[in-house]
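> I am attaching a structure below and will ask some questions about it afterwards.
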Ligand code: CTP
């Protein structure tokens, strides 16, 4: 039987200090049996020698157009930027500087690596690395949003100590984490049909109801049962839906976040209040996305006064709360329902079982330990076609990628 061919990555390196980590990344990918073809910009060779990358990948490194013309994998067409990108299962840019991200976002092709990216017909994964202020600059954020909208997968960055001596967001993910994400990406089932190119305001006229944040179940006048959900993911989902032109209603538990502009917001405290608000807006809903961490139980008889301590034990009776998502999904004509699951173990099994139990077409799952309160995370989407990894990225990028997936499934079920 013919062996499946090994996966091929075109590993693009641009001019940032994090380039030294890319040597380790190449080694880890090669160790996994992935063929790595390195391509470097003129600035990158100031940071790491092409010879280092050649030794680790076993292939000459592409730095300028001439290097690639005679590559065996180019199909002999002498067109380096076409051939070398055609041979790859994915292009990974690590590190991706702010400047290179700007070039990608605008479709520039003024050196070999940017030309390879523009001429590709494979997925593009980008690992940004830059100073915190460069990352936070609205221009960079616009460019990242554009890359997301164009279907690129943004890996990281993460926060921490920076080469410039500052602390903050913009560090490239460590080589192990990048390698893990890339390997998972290559192994995850490709979507049955390619994701549609998101037209601007793809969700114009579509009404989306999002629940977000924690619920708080009172024990007495000053105490209650809650959880550590920050609401960041739910708010990012609402924001991503607004960017695509949807009419968004956000039913939010107590959070410290500022409200997304343009959304109708209902502030709630308990699961019962959240349920009431959801029922109120449900008639006007095409897509329901349950991101809230809803308490499964409430206190049977919360005390109106502060409970004074006595000498002995105190027992609280808890009653089950309604499952809001299951209720919505169980309606005779439900909106398109999306659930979230944060699991602390056996993520895949638990998530797949939860999707079935709640009878929902799409469930986004993550590891609770990594997700709660963090600015970044990774998601695995479960739908009828299988699993789809959304590799680690900040929650806004993740939310945009999730929305793209939702748009695709929603449109499949409801032709325009
Ligand atoms: N959810 C809901 N109402 C509830 C509990 C959960 O709408 N009372 C929604 C959440 O918003 C999320 C999904 O259901 O989209 C999964 O929630 P989770 O609490 O993880 O699932 P449970 O079914 O409660 O399972 P368990 O707590 O046992 O993991």
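A short reminder: the numbers here are calculations on the coordinates, not readings from a lab. In this text, all values refer to a predicted model and were calculated from it rather than measured experimentally. Virtual Cβ from ideal backbone geometry, glycine too; neighbours counted across all protein chains shown.
> What does the helix-only formula give at 222 nm for the chain: each DSSP H stretch with n ≥ 4 adding -39500 (n - 2.57), the total divided by the residues, and the result rounded to the nearest 500 deg cm²/dmol?
So the helix-based figure for the chain works out to -10000 deg cm²/dmol.
> Right, another one. Could you calculate the FRET efficiency of residue 307 with residue 359 from 1/(1 + (r/R0)^6), where r is the beta carbon distance between them and R0 is 56 Å, rounded to 0.05?
In this case the efficiency is close to 0.90.
> Taking the convex hull of the Cα atoms, report for segment 214-349 its projected area averaged over all directions, in nm².
10.5
> Now for a separate question. Could you work out how far apart the two model spin labels at residue 370 and residue 27 are, taking each label as a point 7 Å from the Cα in the direction of the beta carbon, and quote it in nm?
It is 2.3 nm.
> Okay, moving on. Which ordering of 298, 86 is given by a fewest-first count of other beta-carbon atoms within 10 Å?
Listing 298, 86 from fewest to most nearby Cβ atoms yields 86, 298.
> What FRET efficiency would be calculated for the residue pair residue 256, residue 8, taking the C-beta separation as r and a Förster radius of 30 Å, to the nearest 0.05?
Efficiency, rounded to the nearest 0.05: 0.10.
> Using alpha carbons only, how many degrees (0 to 90, rounded to 10) separate the axis of helix 138-149 from the longest principal axis of the chain?
Once rounded, the angle reads 90 degrees.
> By how many degrees, 0 to 90 and rounded to 10, does the Cα axis of helix 271-281 deviate from the longest principal axis of the chain?
It is inclined by approximately 80 degrees.
> Fewest first, what order do 323, 375, 110 take by the number of other Cβ atoms within 10 Å? Please list the in-between numbers first.
Details: 323 17, 375 13, 110 8.
Lowest count first: 110, 375, 323.
> Extending each Cα 7 Å along its Cβ direction at residue 411 and residue 54, get the distance between those two points in nm, one decimal.
Reported label-point gap for residue 411 and residue 54 is 4.6 nm.
> Treat the count of other C-beta atoms within 10 Å as a stand-in for reagent exposure and order 257, 319 from fewest to most.
The most exposed by this proxy come first: 319, 257.
> For segment 8-188, take N as its residue count and report Rg(C-alpha) divided by 2.2 N^0.38 Å. List each step's numbers first, then the result.
Numbers: Rg = 15.0 Å, N = 181, 2.2 N^0.38 = 15.9 Å.
Here the answer is 0.95, to two decimals.
> Of the beta bridges DSSP finds with both residues in segment 198-412, what % are antiparallel, to the nearest 5?
40
> Quick one, can you get me the convex hull of the C-alpha atoms of the chain expressed as volume per residue in Å³?
It comes to 181 Å³ per residue, whole-number rounded.
> Using Cα atoms only, what is the angle between the long axis of helix 347-358 and the major principal axis of the chain, expressed in degrees (0 to 90) to the nearest 10?
The angle comes out at about 50 degrees.
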